[in-house]
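Enquirer: Here you go, one structure.
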2 protein chains.
Amino acid sequence: MTDILKSPTRRQLLSMIGKTAGATAMYQAMTTLGFASESSFKAGMELKGAPPGASIIILGAGLAGLTAAYELRKAGYSVKVLEYQNRGGGRSWTVNAGDSYTELGGEVVTCDFEKGNYLNGGPWRLPSHHYGVMHYCKKFGVAMEPFIQENSRAYLHRVNHFNGVPQRLGDVQADVKGYVSELLSKAVNVGGLDRSVNTEDKEMLLEGLKGWGVLNKDYRYERSHDTGTYRGFDIYPGGGLMPDARPSKPIPLNALLQSGMWSDLSNFTVHNHNPTMFQPVGGMGKIGDAFTRECQEMITLNAKVTRINQDDNGVSVHYVDTNGGGNVAKIARADWCICTIPLTVLTQLDINVSKPMKQAMAAVPYDTSFKVALEFKRRFWEQDEWIYGGVTYTDMPITQISYPSDNMFSDGPAALLGGYGFGPTSYKFTALTPKQRIAAALAYGKHIHPQYPKEFKAGTSVVWHRIPWTLGCYGIWSESSRAQYYDTLCSIDNRIVLAGEHCSHIPAWQEGAILSGLDTANRLHKRAKSAV
Amino acid sequence: MTDILKSPTRRQLLSMIGKTAGATAMYQAMTTLGFASESSFKAGMELKGAPPGASIIILGAGLAGLTAAYELRKAGYSVKVLEYQNRGGGRSWTVNAGDSYTELGGEVVTCDFEKGNYLNGGPWRLPSHHYGVMHYCKKFGVAMEPFIQENSRAYLHRVNHFNGVPQRLGDVQADVKGYVSELLSKAVNVGGLDRSVNTEDKEMLLEGLKGWGVLNKDYRYERSHDTGTYRGFDIYPGGGLMPDARPSKPIPLNALLQSGMWSDLSNFTVHNHNPTMFQPVGGMGKIGDAFTRECQEMITLNAKVTRINQDDNGVSVHYVDTNGGGNVAKIARADWCICTIPLTVLTQLDINVSKPMKQAMAAVPYDTSFKVALEFKRRFWEQDEWIYGGVTYTDMPITQISYPSDNMFSDGPAALLGGYGFGPTSYKFTALTPKQRIAAALAYGKHIHPQYPKEFKAGTSVVWHRIPWTLGCYGIWSESSRAQYYDTLCSIDNRIVLAGEHCSHIPAWQEGAILSGLDTANRLHKRAKSAV
């Protein structure tokens, strides 16, 4: 590198701008790193030239359906969207203060929060590489704020370890790194890796481990002012003649291994949870709302599809129009149909698709999931425990507690996510009444935050297997079901094509729904043009 | 744990709340984890009962001085604060659009940014465990927003490695973890650690490493869909029949070690940089502004102290009053004096303190530091590279590039921190004219962001050794200088006591200044009461 700063004349400074090698090469490298996906996505938006008079009916006004509707209308199609619910957005849904809904079984779930507090029933956080979501949010003016996934002051908790005392996430992260570094240094120093690592690499490895693991001169991970600098303090360094700082004490290696807490760290390193993450200001439903607003003229709400019948010339969709409390059988017809109805529901409808498609539709089970939000009188997690946002993980059935990333430092009631889990634990919560779910989330959560009983105000929940319009949370794919059924499920079946998160490689995420909607729109557009 | 969910009756749910052990024990444990500091801090605020008529003069309206002023006035003292500058807040200072200032040597630094863009000249980020800062910010209503320190899409960059192509932080983090896990697994499996790890721990260790490092079944860290799930993709998973995902490829271990990038990771694990971090909405200067507003009646601006003279009854402070462009010699007198003037300046003044105190004052050198902010026409780092906040580290003299954490996703010009360094590299920037600094930051930064030249709009800078009111950035302590001089520097010298970040164990951070101010106020109050 030309070190122009040794004699900083203006000419030298300017000449440097042109001189140093690599910039062009670098730029080209960058444009191929992670942007290949995005560019194909953007190209996909330039749909043009629908055949004159061509029409498309889209079933479901979730993000997949509305992405397709938005882009296909731009291309010139006559687009109609039928939606079962009385709102668009689908699972991009926020349960707001004052909302209520009826779940399967007839129980009414209410949300008696103070205005502004909410539960995101479905998706709740956005990685910044979800370029599809980000694209439309920017385009539709959905305001974003950071979502704090990782907070080193949040907890990891195991009922049967550390006497049930929650451990700070940052402590566990530092200790795992410290012990792994100590052990690997030891192995390197006793020659245990001589056949794998050459002498030069060995030295760099030891140096790297020492810094990264915060090891002492003997390559040991032991409490010291240095470890405090990374791991924190029981008594923090002060000003003037305040009491001496006392570094916190590492968790013993054996206890750490026994606890199994190590495995929770992947919740922060998985790419979809990497910083920087975002959430829409006011709840995830703002995305659903924005899509709905942009597509308003195309959407018919309260339309319960009962039959989908295609023939050589088009698709007839039979539905019950429940607008205004009515119950009127209607038929809508179009040249093509994009169906985003969840497979749980779709497999119960009368639809004439090919046998392979029917098999594919039946091959995808839906995952179960529950969420409980708890509103408290004050942000005790911030005020008492200095926890601002972030997620605590536990082996109790609530699985996790997520502290709100919005309105931090504010006074007054606030809602946290008091439970969110999948699988068996979720079925248990699904079996409870709405009130019992709240009681259970409180009873469990109290072992992490003893302030719960005193500060509790209200609760609400979403258990996805009781949500009538999805009957489950999202489509589960295995490697073998993908191999056998995925391409079929996504293929155009004469005049009908499916879309949704279940027709994507990113199930359960809005990104999957949006990219599926876009891909479907693209392929259907091509087919429609070639069919003319 | 009582698994009440097996038979979820209301009675069982309620009984569980009382039953499960550990909650009380847990609560007590929590109150001693990291809160000992805070409670002594809060107790320190309950100053009461100043001796009747007792007066204190405070030199410097930075955070140390104003914390002391605020608390001592509450205790009943007559407090007067003299400030050299035409504003309070000291280094809690934001250079806003339209600002200008004159640095040592006579150069005028301007900030020709669009309204709303700024450079935080001094501190710029707040860890959530800086309880002193957080306390006053909440009390004084300083609005906060998250500061994004860690962004896995930001870069690590080495001029002479990877052909100068910047590497994603998240990639380096994943790869270090992966290779360390692979190597340690290997060492464990070949028996290289049999004397350090018992059989049971060994199994847990291997299992932990496999998950944490994202190793394959042979304990190798190799490109796979799994590594993509953690490390990201060259082509991201898509919807429908979009092109197949392509996981990104790990950096070879040897290249990673050679690059030395590993060492940069500590910038994200050091406790003071742990999430969740914050910044005041509108710039760090909002904190200085808030303190100034709260203490307004006590502060005399434009007061250049020339001599501090104590006697048995009090302290006389000679100063030049430059208010209204004047140049009037004045003397202020009080019973006691808290002096927060940086040691660089103070050691040049006439002050009659004890010899040991004089030695201590002369024993603390000040670190050098520079900052350059660059305003660009658009947020290309967000729009082109999906980087929202976070910090890129490089071995070029600019040392780092920090992307703004505020107003993300907005259109129009935005300013990033285009260079921020210490030590030799900082002296180099200090030697440049304000214009040259900007040119240099552009010339270097372009190797990371080729968009620089095309998008550049304006720049500004702060080089701390040219700032007349500090002549340096902050006090540097070594272990030996602490042992020899720290207690003396903080002691009450008859009627004078020093305060500031240089009188704290947290130099360079506002927390140090605030805690020093509070500690000094406390000790002086005790002394004043006992002196009656």
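Enquirer: Take the stretch A:144-157 and flag every residue that is within 25 Å of B:GLU207 (Cα to Cα) and not in a loop (DSSP other than H, G, I, E, B).
Expert: A:TYR155, A:LEU156, A:HIS157
Enquirer: If I filter the stretch B:57-72 for residues that are part of a loop (DSSP other than H, G, I, E, B), away from every other protein chain (no Cβ under 14 Å), at pLDDT 95 or above and open to solvent by 10 Å² or more (accessible area, probe 1.4 Å), do I get at least one hit?
Expert: yes
Enquirer: Can I ask one more? Which one of these is in contact with a Lys or Arg (Cβ under 9 Å, 6 or more places away or on another chain), without any contact (Cβ under 8 Å) to a residue 40 or more places away in the chain and aliphatic (A, V, I, L, M): A:VAL165, A:VAL142, A:VAL190?
Expert: A:VAL190
Enquirer: Still on this model: Identify all residues within the stretch B:126-146 that are among the small types (Gly, Ala, Ser) and either over 16 Å from B:GLY288 (Cβ atoms) or at the interface with another protein chain (Cβ under 9 Å from one of its Cβ atoms) (or both); write none if there are none.
Expert: Answer for the stretch B:126-146, where residues must be among the small types (Gly, Ala, Ser) and either over 16 Å from B:GLY288 (Cβ atoms) or at the interface with another protein chain (Cβ under 9 Å from one of its Cβ atoms) (or both): B:SER128, B:GLY132, B:ALA143.
Enquirer: Does the stretch B:297-306 contain at least one residue that is among the acidic types (Asp, Glu) and in contact (Cβ under 8 Å) with a residue 12 or more places away in the chain?
Expert: Checked the stretch B:297-306: no residue is among the acidic types (Asp, Glu) and in contact (Cβ under 8 Å) with a residue 12 or more places away in the chain.
Enquirer: Need a quick list: helices (runs of 4 or more DSSP H) entirely within the stretch A:398-507 having at least 3 residues that are buried (at least 19 other Cβ atoms within 10 Å of the Cβ), out of contact with any Gly (no Cβ under 6 Å at 6 or more places or on another chain) and at the interface with chain B (Cβ under 9 Å from one of its Cβ atoms).
Expert: Hits in the stretch A:398-507: A:423-431, A:434-445.
Enquirer: Still on this structure, please answer the following. Considering only residues that are within 22 Å of B:PRO275 (Cα to Cα) and more than 7 Å from every other protein chain (Cβ to nearest Cβ), look in the stretch A:236-247 and name the one that is surrounded by the most Cβ atoms within 10 Å (Cβ to Cβ).
Expert: A:PRO247
Enquirer: When you scan the stretch B:508-532, how many residues do you find that are of a type in the set (Asp, Glu) and either open to solvent by 10 Å² or more (accessible area, probe 1.4 Å) or touching a Cys at 6+ places or on another chain (Cβ under 9 Å) (or both)?
Expert: 1
Enquirer: Search the stretch B:96-107 for residues being in contact with a helix residue (DSSP H, G or I) (Cβ under 7 Å, 6 or more places away or on another chain) and of a type outside the set (D, E, K, R), and hand back the single one that is surrounded by the fewest Cβ atoms within 10 Å (Cβ to Cβ).
Expert: The residue in question is B:GLY105.
Enquirer: Follow-up. In the stretch A:73-95, how many residues are open to solvent by less than 30 Å² (accessible area, probe 1.4 Å) and either among the aromatic types (Phe, Trp, Tyr) or not in a strand (DSSP E or B) (or both)?
Expert: 9
Enquirer: Of (1) over 23 Å from A:SER266 (Cβ atoms); (2) open to solvent by less than 10 Å² (accessible area, probe 1.4 Å); (3) not in a strand (DSSP E or B), B:GLY141 satisfies all except one. Which?
Expert: All conditions pass for B:GLY141, except number (2).
Enquirer: When you check B:GLY390 against the structure, is it on the phi > 0 side of the Ramachandran plot and at the interface with chain A (Cβ under 9 Å from one of its Cβ atoms), yes or no?
Expert: It is true that B:GLY390 is on the phi > 0 side of the Ramachandran plot and at the interface with chain A (Cβ under 9 Å from one of its Cβ atoms).
Enquirer: Looking only at the stretch A:302-325, which residues are open to solvent by less than 30 Å² (accessible area, probe 1.4 Å) and either outside any strand (DSSP E or B) or touching a helix residue (DSSP H, G or I) at 6+ places or on another chain (Cβ under 7 Å) (or both)?
Expert: Correct list: A:GLY314 only.
Enquirer: In the stretch B:96-138, what count of residues is obtained for those that are assigned to a strand (DSSP E or B) and touching a Phe, Trp or Tyr at 6+ places or on another chain (Cβ under 9 Å)?
Expert: Final tally of qualifying residues: 8.
Enquirer: I've got another one for you. May I ask you to verify whether B:GLY517 is more than 9 Å from chain A (Cβ to nearest Cβ), among the small types (Gly, Ala, Ser) and touching a residue at least 60 places away in the same chain (Cβ under 8 Å)?
Expert: no
Enquirer: Enumerate the pairs (first residue in the stretch B:404-420 and over 19 Å from A:MET144 (Cα atoms); second residue anywhere and aliphatic (A, V, I, L, M) and assigned to a loop (DSSP other than H, G, I, E, B)) with beta-carbon separation below 8 Å, excluding pairs fewer than 6 apart on the same chain, so at least 6 apart or on different chains.
Expert: B:GLY418/B:ILE398; B:GLY419/B:ILE398; B:TYR420/B:ILE398
Enquirer: Report, by residue number, each residue of the stretch B:362-397 that is part of a helix (DSSP H, G or I) and either among the polar types (S, T, N, Q) or open to solvent by less than 10 Å² (accessible area, probe 1.4 Å) (or both).
Expert: Passing the criteria: B:PHE380, B:TRP381, B:GLU382, B:GLN383.
Every residue, every condition in (1) touching a residue at least 60 places away in the same chain (Cβ under 8 Å); (2) small (Gly, Ala, Ser); (3) not assigned by TED's automatic domain parsing to the domain that holds A:LYS377, yes or no:
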position	(1), (2), (3)
A:ALA68	yes, yes, yes
A:LYS74	no, no, yes
A:LEU82	yes, no, yes
A:VAL108	yes, no, no
A:GLY122	yes, yes, no
A:GLY132	yes, yes, no
A:CYS137	yes, no, no
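Enquirer: For B:PRO250, all conditions in the list (1) touching a helix residue (DSSP H, G or I) at 6+ places or on another chain (Cβ under 7 Å); (2) within 13 Å of chain A (Cβ to nearest Cβ) hold save one; what is the number of the exception?
Expert: Result: B:PRO250 passes all but (2).
Enquirer: Now for a different question. Is one or more of the residues making up the stretch A:263-277 in a loop (DSSP other than H, G, I, E, B), facing another protein chain (nearest Cβ under 10 Å), of a type in the set (S, T, N, Q) and within 24 Å of B:GLU501 (Cβ to Cβ)?
Expert: The answer is no; no qualifying residue exists.
Enquirer: Of everything in the stretch A:182-193, what is in contact with a helix residue (DSSP H, G or I) (Cβ under 8 Å, 6 or more places away or on another chain) and not hydroxyl-bearing (Ser, Thr, Tyr)? Give them in sequence order.
Expert: Once the filter is applied, which keeps residues that are in contact with a helix residue (DSSP H, G or I) (Cβ under 8 Å, 6 or more places away or on another chain) and not hydroxyl-bearing (Ser, Thr, Tyr), the stretch A:182-193 yields A:GLU182, A:LEU183, A:LEU184, A:ALA187, A:VAL188, A:ASN189, A:GLY192, A:LEU193.
Enquirer: How many of the residues in the stretch A:248-263 are under 29 Å from the mean Cα position of the chain (by Cα), in contact (Cβ under 8 Å) with a residue 60 or more places away in the chain and surrounded by 22 or more Cβ atoms within 10 Å (Cβ to Cβ)?
Expert: 3
The values are calculated or read from the model by the stated rules, or taken from the named source; none is laboratory data. All values derive from a computational prediction rather than experimental measurement. As a convention, Cβ positions derive from the backbone with ideal geometry for all residues, glycine included, and neighbour counts pool all protein chains shown. Accessible surface areas use protein heavy atoms only, side chains included; no ligands, DNA or RNA. Shrake-Rupley method; radii C 1.70, N 1.55, O 1.52, S 1.80 Å.
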